[in-house]
Amino acid sequence: MLRRYVPFLFFVSAPLLVIALVPSKAPTAVSAVGRLDKTQAAAAKERGIPSVGDESHCVNGRQFGELATAPPCIPKFKGKNPGATYTGVTATEVKIVWYQAKENPTITGVLRPLGLAQTREDERTFLQAAEQFINEKFELYGRKVKIVPFEGQCDYAPPDVPCLRSEAQQIAKSIKPFAVVWATAVGLEFYEELSKAKIVNAGGWHFDDSFNIQHRPYHWDIFMGGSQQAKLAGEYWCKRLAGKPARYAGDVDLRAKTRKLGIVTPDAPVNVKSAEELARIVRACDKNGAQISAYASDTTRAGEQSIAGTARFKNEGVTTVMFFSDPIGPVFATGAATRQQYFPEYTMAGSGLVDYDLLARLYDAKQWANAFGPSDLPEFTPFDQSDTVKVWRAAGRQGLPNKANQLGWSYLSFIASGIMGAGPTVTPLNFEQALLTSDPIGGWDKVHDPQQVYVKFGKGDYTAVSDAREVYWDAKAISAIDGKPGAYVSLNGGRRYKLGEWPTGEPQLPGR
């Protein structure tokens with residue numbers, strides 16, 4: 001199994017980060033965290049966000065009409081901004097670095113058949129389109145964003161830690177950006193160095209929430225934090241699965257046994273800590289407890305580690321495996337399980353893009369026929385109707401961009417929304433205040449939309465996605481992403497659940 005190495009550049013086409021960064025009619029009080037002890041309206045006024053003025057550019061209360069993910073409307077800014085308010089910010093520009101990781105041939109070989117591998121030049125072309133769209137559509141108070149690609153030279157499988165630290169320092173000293181984005185599940189040391197340099201940075205999927213708090217107001221991610229993910233997955237296990245036979249296992253003997261959970265996780269401390277939290281939750285409600293199998297980041301050892309991990313779970317009587325991991329680990333692990341004639345259930349944690357249709361097709365079909373559970377991702381729209389493609393075409397580009405850029409746009413629109421919300425005085429603290437005092441967006445109780453996730457920031461919460469749906473894998477179901485067979489199918493009409501909302505009782509999977 002592989003660990004924290006995959007710089008995936010794809011994500012969802014559905015509304016994700018529609019962040020309310022301007023005053024609402026019913027502002028909500030926020031607990032004090034530094035300068036966050038204000039209502040949303042008071043905080044926005046403090047940052048100099050216009051509350052009245054020309055809104056002729058807005059569409060249905062949104063800043064623009066092209067995208068489902070457009071932020072709320074802000075009246076046109078008049079006057080002059082304060083100029084150079086922070087590193088990477090001048091009177092005319094806000095500089096953002098986009099980190100392009102060094103190619104890993106093994107990963108590229110896995111992704112290419114899915115159309116998810118792209119050249120650095122193709123990626124740069126999309127970044128240019130994104131930059132143009134942001135500058136034309138977002139309120140930036142007289143400035144424009146400048147997206148600077150940085151071609152990384154560091155190995156990350158296994159990670160070259162001194163190299164990653166050095167490159168982060170190089171970016172901080174030579175480029176001097178306001179923000180850096182690396183859309184990846186890896187890079188702990190990279191983000192540490194950027195935070196030390198007091199540069200806003202985004203990426204690092206599902207890191208334990210304590211990492212984000214320790215490095216506030218600099219480190220952010222769009223995916224659910226690891227601690228939150230552990231609580232959500234743990235509640236799902238306790239309410240839905242604990243103490244019941246593993247009825248969805250592929251092996252008849254395992255179906256007769258009471259469930260016993262095996263958790264697969266990367267061996268980075270920020271990942272293991274979240275896995276341990278999940279295990280504690282399970283052990284508190286389930287006498288069979290939970291086992292953890294941590295694996296190292298080395299593509300040359302993937303087969304070896306998968307064999308060992310599978311053998312351990314098989315010998316310990318694990319009936320149900322949960323990948324609290326990156327999305328490539330299951331490629332090797334499920335293959336090893338079939339070779340060892342081990343066919344457990346697979347209950348997802350909801351994280352790491354393991355729940356992404358195209359990636360799941362890489363998993364051993366005999367194994368993944370037994371997969372179900374939480375999914376953080378929303379239901380999808382076809383790629384050619386996605387916001388990513390709309391951004392591409394709005395910039396005058398023909399055809400379609402690589403699907404990998406869906407994740408890229410999610411991160412860039414997040415950063416752009418934060419800069420817009422920061423107001424004329426762009427600083428990390430104003431960026432933080434804009435996000436952490438914003439009202440939550442979505443929520444099944446309000447929108448009843450399976451294509452919209454619940455986005456919530458707040459005290460100690462520096463990650464966006466905050467709910468999940470319940471799904472199962474169907475190799476024959478047609479994916480909305482590309483119109484091909486192999487997709488996750490929602491249960492309960494795509495209903496999404498926040499922490500504390502999972503229903504009790506075992507899920508009923510059609511035809512199982």
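The values are calculated or read from the model by the stated rules, or taken from the named source; none is laboratory data. Not measured: the values here are computed from a predicted model. Neighbour counts run over all protein chains shown; Cβ positions are idealised from the backbone, glycine included. Side chains included, ligands, DNA and RNA excluded: accessible areas come from the protein's heavy atoms. Shrake-Rupley method; radii C 1.70, N 1.55, O 1.52, S 1.80 Å.
A few notes on this one:
- Ligands, DNA and RNA are left out, and with a 1.4 angstrom probe the accessible area of region 34-174 is 47 Å² per residue.
- Sequence-separation-based contact order of region 211-365, relative, with Cα cut under 8 Å and 6+ spacing, percent: 25
- Within-15-Å neighbourhood charge of residue 383 [Cβ basis; K, R +1; D, E -1]: 0
- Taken over the alpha carbons of region 467-512 as equal point scatterers, the Debye sum produces base-10 log I(q)/I(0) values at 0.27, 0.28, 0.32 Å⁻¹ of -1.03, -1.07, -1.19.
- Rg to Rh quotient for region 386-512, alpha carbon positions, Kirkwood Rh: 1.04
- Model label zone, residue 491; criterion: amide N under 17 Å from point 7 Å along Cα-to-beta-carbon; scope region 461-485: 468-475
- Degrees separating the helix 120-137 axis from the principal Cα axis of the chain, which is the longest one: 50
- Mean separation of Cα contacts under 8 Å (6+ apart) over length of region 433-489, as relative contact order %: 23
- For residue 214 and residue 175, a Förster radius of 25 Å and the Cβ-Cβ distance give a FRET efficiency of 0.55, rounded to the nearest 0.05.
- Of every Cα-Cα pair in the chain, the percent that sits beyond 33 Å: 36
- In this structure residue 136 has an accessible area near 110 Å², from a 1.4 Å probe over the protein heavy atoms.
- Ordered from longest to shortest, the equivalent ellipsoid semi-axes for region 206-307 are 28, 19, 10 Å, each the square root of 5 times a Cα gyration tensor eigenvalue.
- Quotient of Cα Rg and 2.2 N^0.38 Å for region 319-435, N being how many residues it contains: 1.42
- P(r), alpha carbons of region 259-339 - 5 Å bins starting at zero, rounded %: 3, 16, 28, 25, 18, 8, 2, 0
- FRET efficiency, residue 155 to residue 512 (Cβ-Cβ, R0 51 Å, nearest 0.05): 0.75
- Each of residue 255 and residue 120 was given a label point 7 Å from its Cα along the Cα-to-Cβ line. The distance between the two points is 5.2 nm.
- The share of accessible area on the chain that comes from carbon and sulfur is 51 percent, using a 1.4 angstrom probe.
- Sequence-distant contacts, meaning Cα pairs under 8 Å at least 6 residues apart, place the relative contact order of the chain at 22 percent.
- Working note: 222 nm ellipticity from helices only, DSSP H runs with n ≥ 4, each -39,500 (n - 2.57), summed and divided by the residues of the chain, gives -9000 deg cm²/dmol to the nearest 500.
- Helix 161-170 and the longest principal axis of the Cα set of the chain meet at an angle near 10°.
- Alpha-carbon centroid distance for the pair region 283-354 / region 108-186, whole angstrom: 31
- To the nearest ten degrees, helix 302-315 and the longest principal axis of the Cα atoms of the chain are 50 degrees apart.
- Listed residues 399, 377, 438: farthest to the positive end of the dipole of region 370-512 (Cβ charges): 399
- On a per residue basis, region 410-512 carries 33 Å² of accessible surface, using protein heavy atoms and a 1.4 Å probe.
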